[in-house]
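**Q** One structure is given below, represented as structure tokens, and several questions about it will come after.
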Amino acid sequence: MDRSFPFSPRDAIELQKELRESIQLTPFKKKISYIGGCDVSMNLYSNHVFAGFVVLGYPDFKMVDHAVVE
């Protein structure tokens, strides 16, 4: 598969299927204190892109920090 951008949706799905074969689930040996996540969104008919980031404490899941960027 050609990995140049932009991907078609079908190419992106195929790449995800290919990459999931390399995931290794192993026990984490250190204490987990924080969990982070992010997401990026864009409108097909606009040049605006939004990104959101969040860091949560673990195990209470209280928000520690966050950011939103346009």
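**Q** Hey, could you check region 1-48 for residues that are of a type in the set (D, E, K, R), at pLDDT 85 or above and part of a loop (DSSP other than H, G, I, E, B) and say which is nearest to Val64 (Cα to Cα)?
**A** Among those that are of a type in the set (D, E, K, R), at pLDDT 85 or above and part of a loop (DSSP other than H, G, I, E, B), it is Lys31.
Let's see how each residue does on (1) without any contact (Cβ under 8 Å) to a residue 12 or more places away in the chain; (2) open to solvent by less than 100 Å² (accessible area, probe 1.4 Å):
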| position | (1), (2) |
| --- | --- |
| Ile13 | yes, yes |
| Lys17 | yes, yes |
| Pro27 | yes, no |
| Ile32 | no, yes |
| Met42 | yes, no |
| Ala51 | no, yes |
| Met63 | yes, no |
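The values are calculated or read from the model by the stated rules, or taken from the named source; none is laboratory data. Note that the coordinates shown come from a computational prediction; the quantities given were computed from them, not determined experimentally. Every residue, glycine among them, receives a Cβ derived from its backbone with ideal geometry; neighbour counts consider all protein chains shown. Surface areas here come from the heavy atoms of the whole protein model, side chains and all, with no ligands, DNA or RNA. Shrake-Rupley method; radii C 1.70, N 1.55, O 1.52, S 1.80 Å.
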